[in-house]
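Here, each number is a calculation from the coordinates, and none is a lab measurement. Remember, predicted model here, so these are calculated numbers, not experimental data. Please note: Cβ atoms are built from the backbone with ideal geometry, for glycine as well, and neighbour counts cover all protein chains shown.
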Amino acid sequence: MSNQIVCPSCSAINRVPDNKPAHAAKCGKCKSRLFPGKPVELTAANFNKHISKSSVPVVVDFWAEWCGPCKMMGPEFAKAATALEPDFRMAKLNTEAAQNIAAQYAIQSIPMLMIFKNGKVIAQQPGAMQAGQIENWVRSNS
């Protein structure tokens, strides 16, 4: 069997065999690491591909530049990414730059974390958290 992973650099869909270490996997198209050890910056253009084509759950931090708690949580989310990858894809979406997606998911308070599996929201949590809290929440809700 294999996992399907969307490249964080070029958005190509890659298959990573279960018997290969996913944390070291590289994109077949652009040769970038599939799990760079930091959150992937999503946009309106690549959001749906990442949440629907990845076979690992995708944890999205919905945030905005003007949001103080979002800025405080950013480094904590990045720390959690190093602990949770490659079992999870950690990603960020700027709600100001992708207002249509924020509206689609009825984002009314930020930061907001959502876990997507097969394109569907399986859990959501509003409010800032520290890295350990993010890790615990993700593992207990996926």
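Some values worked out for this structure:
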quantity: Qualifying residues in the range 82-106 (those that are under 25 Å from GLY132 (Cα atoms) and among the hydrophobic types (A, V, I, L, M, F, W, C)) - the one surrounded by the fewest Cβ atoms within 10 Å (Cβ to Cβ); calculated: ALA83
quantity: Neighbours by Cβ (under 9 Å, 6+ apart or cross-chain): first from the range 126-139, farther than 19 Å from PRO57 by Cβ; second assigned to a helix (DSSP H, G or I) and aliphatic (A, V, I, L, M); calculated: GLY127/MET73; ALA128/MET72; ALA128/MET73; GLN130/MET73; GLN130/ALA80
quantity: Those residues of the range 79-98 which are assigned to a helix (DSSP H, G or I) and either in contact with a strand residue (DSSP E or B) (Cβ under 8 Å, 6 or more places away or on another chain) or basic (Lys, Arg) (or both), in sequence order; calculated: LYS79, ALA80, ALA81, LEU84
quantity: Condition met for ALA91 (touching a helix residue (DSSP H, G or I) at 6+ places or on another chain (Cβ under 8 Å), farther than 24 Å from CYS7 by Cα and not polar (S, T, N, Q)); calculated: no
quantity: Condition broken by ILE110, with the remaining ones in (1) within 17 Å of GLN125 (Cβ to Cβ); (2) outside any loop (DSSP other than H, G, I, E, B); (3) in contact (Cβ under 8 Å) with a residue 40 or more places away in the chain satisfied; calculated: (2)
